[in-house]
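The values are calculated or read from the model by the stated rules, or taken from the named source; none is laboratory data. Because the structure is predicted, anything quoted here is derived from the model rather than measured. With ideal geometry, Cβ positions are generated from the backbone for all residues, glycine too; neighbour counts draw on all protein chains shown.
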Amino acid sequence: MENTINLIVKDRKGELHKIQAPTDMNLNLMEVCKANELPVKGTCGGIASCASCHMYIHSQSIELPEPSEDEEDMLDSAYFVQENSRLGCQIYPSNEMDGLEFELAPEDESE
Ligand code: FES
């Protein structure tokens, strides 16, 4: 379908989920995961201030927009951060991201 891309999401139990995301509805990856009933909290509503949408991006061949300063600041204080960490709420699916694979980072138990 036009304006829809496929994503592969690994949940925290290691299960893979093939989901689709619209590229024309201004939904970010956190919202797309929630809409697919994946366990992403999105506590701050998507303003890069809670890290409950923390994800690990596994697709190396797909270039994502650089993180903003706010996203980098939030990731600096998040738990379980890796080199491929991003905040799902700061990534808006585009046609170039078709096939993107990512994984939900462990939850911060102190939340
Ligand atoms: S939803 Fe809070 S940082 Fe993404």
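Based on what the data block shows, is Asn28 of a type outside the set (Phe, Trp, Tyr), within 13 Å of the ligand (Cβ to nearest atom) and touching a residue at least 60 places away in the same chain (Cβ under 8 Å)? Outline the logic, then answer.
Numbers: of a type outside the set (Phe, Trp, Tyr): yes; within 13 Å of the ligand (Cβ to nearest atom): yes; touching a residue at least 60 places away in the same chain (Cβ under 8 Å): yes.
So Asn28 passes the test.
Looking at the stretch 7-106, what strands (runs of 3 or more DSSP E) fall wholly within it and have at least 1 residues that are among the β-branched types (Val, Ile, Thr)?
16-22, 54-57
Please specify each residue of the stretch 49-83 satisfying the condition of being within 13 Å of the chain's Cα centre (by Cα) and either farther than 21 Å from Glu107 by Cβ or of a type outside the set (A, V, I, L, M, F, W, C) (or both).
Listed by number, the residues that qualify are Ser52, His54, Tyr56, His58, Ser59, Leu64, Pro65, Pro67, Glu71.
So is Gln82 at pLDDT below 95, under 21 Å from Lys10 (Cα atoms) and more than 8 Å from the ligand (Cβ to nearest atom) or not?
no
How many of the residues in the stretch 85-111 are touching a residue at least 60 places away in the same chain (Cβ under 8 Å) and either within 23 Å of Thr4 (Cβ to Cβ) or more than 12 Å from the ligand (Cβ to nearest atom) (or both)?
Count: 18.
Leu16: within 18 Å of Glu103 (Cα to Cα), surrounded by fewer than 13 Cβ atoms within 10 Å (Cβ to Cβ) and not charged (D, E, K, R), yes or no?
Answer is yes for this residue.
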